[in-house]
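*Asks:* Handing you this structure, nothing more for now.
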Amino acid sequence: MAKTSNAGPKSSASSHSRLAIAIMAAGKGTRLKSKHPKVLHEVGGKPILAHVISTAAKVVPSKDVFVIVGHEADRVRAAVGESGVRFVVQAEQRGTGHALMVAQEALAPYDQVIVLSGDAPLITVETIQKLSAFHAAHKAAMTLLSADLNDPAGYGRVIRKTAKGADVRAIVEEKATNVQQKKIHEINSGFYAFSVPALYKHIGGLKTDNAHREYYLTDMAGVLARARQRVVAMKTPHAGEVLGSNTRTEIVDLDARLRLAKCHQLMAEGVTIFYPQTCVIDSDVEIGPDTVIEPFVQLRGKTKIGSDCGIRSYSVIQNTEIGDGVVVLPGCVMDDSRIARNATVGPYSRLRPGSDIGEEAHVGNFVETKKTRLGKGSKANHLTYLGDTEIGERVNVGAGTITCNYDGVAKHKTVIEDGVFVGSDSTLVAPIRFGRGAYIAAASCLTEDVPPDSLALGRARQTVKEGWAREKRNRSQK
Ligand code: UD1
Ligand code: CA
């Protein structure tokens with residue numbers, strides 16, 4: 001069932017009617033000068049279109065969301081296919097009106113359709129619900145969402161019938177405006193509610209007699225008004241929600257707005273973020289209360305951080321799960337990894353995919369890990385590479401330890417059992433296993449398994465030639 005808002009008794013008809021959402025996303029985005037489709041450019045860490053879809057799918061079930069794709073349709077579908085929405089293909093992009101013509105069959109079973117623009121990601125659930133209820137309450141054929149913008153340039157302008165009433169005579173595209181109309185600050189957001197039967201009864205009235213030789217959906221206002229169908233505008237006080245992304249400058253502006261809003265949402269949930277303007281936090285990131293994020297931190301993708309953590313400056317953390325009470329010191333880079341509670345990482349640690357840092361473990365400066373498990377309370381504090389390695393609990397990995405996991409052809413595994421002490425500057429040639437409680441002498445190069453509780457030495461014996469230096473000096477003075 002459609003989840004429309006409870007906007008009073010007048011709207012009760014709409015909450016029982018069948019509501020669909022159509023998202024126009026077939027355009028190329030010529031003004032971006034990009035080889036990628038406009039709706040796949042990213043803001044807040046995910047494609048612009050993904051934001052619109054996730055909002056739409058909170059208003060109606062995703063099976064009632066229709067995304068109209070065309071330019072690079074396969075790429076667009078692949079990027080957002082997981083969401084469970086349906087797709088309509090507009091093979092040739094002949095304008096926003098044409099996009100809706102192509103969707104006629106898909107939308108025919110519905111009473112009302114909300115039309116969203118795939119390039120305007122800030123629209124909210126509340127505004128969509130209000131638009132739907134306003135449309136039903138006014139028994140309109142078409143309701144457009146409008147907003148007052150300080151700088152309306154580039155947008156279509158709303159021509160109302162009267163100054164006070166909701167009724168609209170027409171929408172005039174920027175290129176077709178006269179001097180008088182250019183001064184109108186009320187713009188067409190590109191979001192609409194339509195009565196589906198009225199839309200398709202009259203859509204044949206659209207013509208292509210305009211600057212782009214396209215079918216403009218905006219012309220439906222004039223077409224319906226002339227056919228004595230009701231066209232109204234609902235002006236949103238939240239003008240920021242309607243902003244689109246026709247240019248790179250607009251995309252960067254949307255990204256900044258989304259990220260700042262994300263920081264404010266996290267702060268409302270109990271996270272401290274110092275200098276939020278400097279932090280880059282993607283929309284899907286989760287953070288627990290009393291965690292403190294310092295300036296210039298980037299949290300990307302599906303990163304999840306527990307409570308009472310400290311994330312210090314200049315760390316870039318992607319798709320990583322961090323438990324409660326973890327401290328990440330400055331300058332760490334991590335991808336697709338896990339860090340268990342109360343561990344400490346950094347400064348300058350690099351956790352590559354598949355790193356799994358145990359409770360209370362320490363990973364220190366200039367340590368790189370990849371597909372490596374570091375057990376509870378184990379430490380690798382300085383200048384180390386651990387690849388394809390399984391390390392038990394309470395292991396000490398000395399400074400400068402290197403696992404030689406790659407022989408030029410294949411990767412091999414190193415296993416270091418509980419309580420092993422690895423002396424500094426050791427070279428561990430995999431595949432190799434160190435038994436529980438073994439002790440590895442510093443500067444060893446080890447190629448064979450070491451049994452539990454033994455000492456392994458893999459280096460030349462030290463020789464001392466007493467008096468050698470003195471004799472050398474004496475020789476050179478002669
Ligand atoms: C449109 C409106 C304008 C409004 C503005 C708000 C028209 C003619 N103009 O202009 O009044 O102020 O949005 O942002 O509608 N698309 C298709 N198929 C097509 C053409 C476009 O799916 O054949 C999609 C695009 O991918 C885009 C959306 O429709 O997501 C809007 O198209 P766009 O070219 O960005 O329209 P604007 O010029 O912004
Ligand atoms: Ca646009």
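The values are calculated or read from the model by the stated rules, or taken from the named source; none is laboratory data. Only a predicted model underlies this, so the values are computations on that prediction, with no experimental measurement involved. Note: ideal-geometry Cβ built from the backbone for every residue, glycine included; neighbour counts use all protein chains shown.
*Asks:* I need the full set of residues from the range 101-112 which are farther than 13 Å from Val67 by Cβ and among the aliphatic types (A, V, I, L, M), in order please.
*Replies:* Met101, Ala108, listed by residue number.
*Asks:* I'm checking my understanding of the structure. Among residues of the range 286-303 that are within 11 Å of the chain's Cα centre (by Cα) and in a loop (DSSP other than H, G, I, E, B), which one is surrounded by the fewest Cβ atoms within 10 Å (Cβ to Cβ)?
*Replies:* Within the range 286-303, the match that is surrounded by the fewest Cβ atoms within 10 Å (Cβ to Cβ) is Lys302.
*Asks:* Taking Val179, is it more than 14 Å from ligand 1 (Cβ to nearest atom) and over 19 Å from Val158 (Cα atoms)?
*Replies:* No; evaluated as a whole, the condition is false for this residue.
*Asks:* Regarding Val89, is this residue of a type in the set (Val, Ile, Thr), crowded, with 23+ Cβ neighbours inside 10 Å and away from ligand 2 (no atom under 15 Å from the Cβ)?
*Replies:* Judged against the criteria, Val89 is not a match.
*Asks:* Please name all residue pairs, on different chains or six or more residues apart, with Cβ atoms under 6 Å, provided the first residue is in the range 74-87 and is assigned to a helix (DSSP H, G or I) and the second residue is of a type in the set (Phe, Trp, Tyr) and surrounded by 12 or more Cβ atoms within 10 Å (Cβ to Cβ).
*Replies:* Filtered contacts from the range 74-87: Arg77/Phe87.
*Asks:* Would you check which residues across the range 304-319 are in a loop (DSSP other than H, G, I, E, B) and basic (Lys, Arg) and list them?
*Replies:* Within the range 304-319, just Arg312 meets the criteria.
*Asks:* In the range 241-277, what residues are closer than 20 Å to Thr55 by Cα, among the aliphatic types (A, V, I, L, M) and within 16 Å of ligand 2 (Cβ to nearest atom)?
*Replies:* Val242, Leu243, Ile251, Leu254
*Asks:* Taking only the range 127-163 into account, find how many residues are among the hydroxyl-bearing types (Ser, Thr, Tyr) and surrounded by fewer than 20 Cβ atoms within 10 Å (Cβ to Cβ).
*Replies:* Count: 1.
*Asks:* Count, please, the residues in the range 412-427 that happen to be in contact with a Cys (Cβ under 9 Å, 6 or more places away or on another chain) and either under 16 Å from Gly400 (Cβ atoms) or small (Gly, Ala, Ser) (or both).
*Replies:* Final tally of qualifying residues: 3.
*Asks:* Shifting gears a bit: Taking only the range 95-126 into account, find how many residues are within 16 Å of ligand 2 (Cβ to nearest atom), under 23 Å from Gly204 (Cβ atoms) and part of a loop (DSSP other than H, G, I, E, B).
*Replies:* 1
This table checks each residue for (1) touching a Lys or Arg at 6+ places or on another chain (Cβ under 7 Å); (2) within 14 Å of ligand 1 (Cβ to nearest atom).
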| position | (1), (2) |
| --- | --- |
| Val102 | no, yes |
| Glu105 | no, no |
| Asp111 | yes, no |
| Leu116 | no, yes |
| Leu122 | yes, yes |
| Ala147 | yes, yes |
| Pro152 | no, yes |
| Val158 | no, yes |
| Thr162 | no, no |
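*Asks:* Taking Tyr200 as the residue in question, decide whether it is within 16 Å of ligand 1 (Cβ to nearest atom) and surrounded by 16 or more Cβ atoms within 10 Å (Cβ to Cβ).
*Replies:* no
*Asks:* Looking for something within 14 Å of ligand 1 (Cβ to nearest atom), out of contact with any Gly (no Cβ under 8 Å at 6 or more places or on another chain) and modelled with pLDDT of 95 or more - is there at least one such residue anywhere in the range 130-137?
*Replies:* No - not one qualifying residue is present in the range 130-137.
*Asks:* Consider Gly354 carefully, then state whether it is at pLDDT 95 or above, within 19 Å of Ala430 (Cα to Cα) and under 22 Å from the mean Cα position of the chain (by Cα).
*Replies:* In short, yes.
*Asks:* I'd like the residue in the range 184-213 that is among the β-branched types (Val, Ile, Thr) and under 34 Å from the mean Cα position of the chain (by Cα) and, out of all such residues, is farthest from ligand 2 (Cβ to nearest atom).
*Replies:* Looking at residues that are among the β-branched types (Val, Ile, Thr) and under 34 Å from the mean Cα position of the chain (by Cα), I get Val196.
*Asks:* Name every residue in the range 320-334 that is under 26 Å from Asp255 (Cβ atoms), touching a Gly at 6+ places or on another chain (Cβ under 9 Å) and either buried (at least 19 other Cβ atoms within 10 Å of the Cβ) or of a type in the set (A, V, I, L, M) (or both), in order of residue number.
*Replies:* If the condition is that a residue be under 26 Å from Asp255 (Cβ atoms), touching a Gly at 6+ places or on another chain (Cβ under 9 Å) and either buried (at least 19 other Cβ atoms within 10 Å of the Cβ) or of a type in the set (A, V, I, L, M) (or both), then Thr320, Ile322, Val328, Cys332 are the ones that fit.
*Asks:* If a residue has to be surrounded by fewer than 20 Cβ atoms within 10 Å (Cβ to Cβ), of a type in the set (S, T, N, Q) and over 15 Å from Pro47 (Cα atoms) to count, how many in the range 210-246 make the cut?
*Replies:* Total meeting the criteria: 2.
*Asks:* Can you pull out every residue in the range 352-381 that is part of a strand (DSSP E or B) and either touching a Phe, Trp or Tyr at 6+ places or on another chain (Cβ under 7 Å) or hydroxyl-bearing (Ser, Thr, Tyr) (or both)?
*Replies:* Of everything in the range 352-381, those that are part of a strand (DSSP E or B) and either touching a Phe, Trp or Tyr at 6+ places or on another chain (Cβ under 7 Å) or hydroxyl-bearing (Ser, Thr, Tyr) (or both) turn out to be Asn365, Phe366, Glu368, Thr369, Thr372.
*Asks:* Right, next: Considering each of Val102, Val43 in turn, give the residue that is over 30 Å from Val223 (Cβ atoms), of a type in the set (Val, Ile, Thr) and at pLDDT 95 or above.
*Replies:* Exactly one of Val102, Val43 is over 30 Å from Val223 (Cβ atoms), of a type in the set (Val, Ile, Thr) and at pLDDT 95 or above, namely Val43.
*Asks:* Quick check on Ala79: is it under 24 Å from Phe194 (Cβ atoms), buried (at least 17 other Cβ atoms within 10 Å of the Cβ) and not hydroxyl-bearing (Ser, Thr, Tyr)?
*Replies:* Considered against the rule, which asks whether it is under 24 Å from Phe194 (Cβ atoms), buried (at least 17 other Cβ atoms within 10 Å of the Cβ) and not hydroxyl-bearing (Ser, Thr, Tyr), Ala79 comes out as no.
*Asks:* While we're here: Name the single residue, out of those in the range 26-50 being in contact with a Ser or Thr (Cβ under 8 Å, 6 or more places away or on another chain) and in a strand (DSSP E or B), that is nearest to ligand 2 (Cβ to nearest atom).
*Replies:* Val43
*Asks:* Select from the range 338-388 the residues that are in contact with a Ser or Thr (Cβ under 8 Å, 6 or more places away or on another chain), surrounded by fewer than 24 Cβ atoms within 10 Å (Cβ to Cβ) and among the polar types (S, T, N, Q) and list them in ascending order.
*Replies:* Residue satisfying the conditions is Asn365 alone.
*Asks:* What are the residues in the range 131-171 that are within 16 Å of ligand 2 (Cβ to nearest atom), assigned to a loop (DSSP other than H, G, I, E, B) and among the hydroxyl-bearing types (Ser, Thr, Tyr), if any?
*Replies:* Hit for the range 131-171 is Tyr155, nothing else.
*Asks:* Six or more apart or on different chains, Cβ under 8 Å: which pairs go from a residue in the range 186-214 that's basic (Lys, Arg) to one that's surrounded by 18 or more Cβ atoms within 10 Å (Cβ to Cβ) and at pLDDT 95 or above? Could you list them?
*Replies:* Close Cβ pairs satisfying both conditions: Lys207/Tyr215; Lys207/Asp219.
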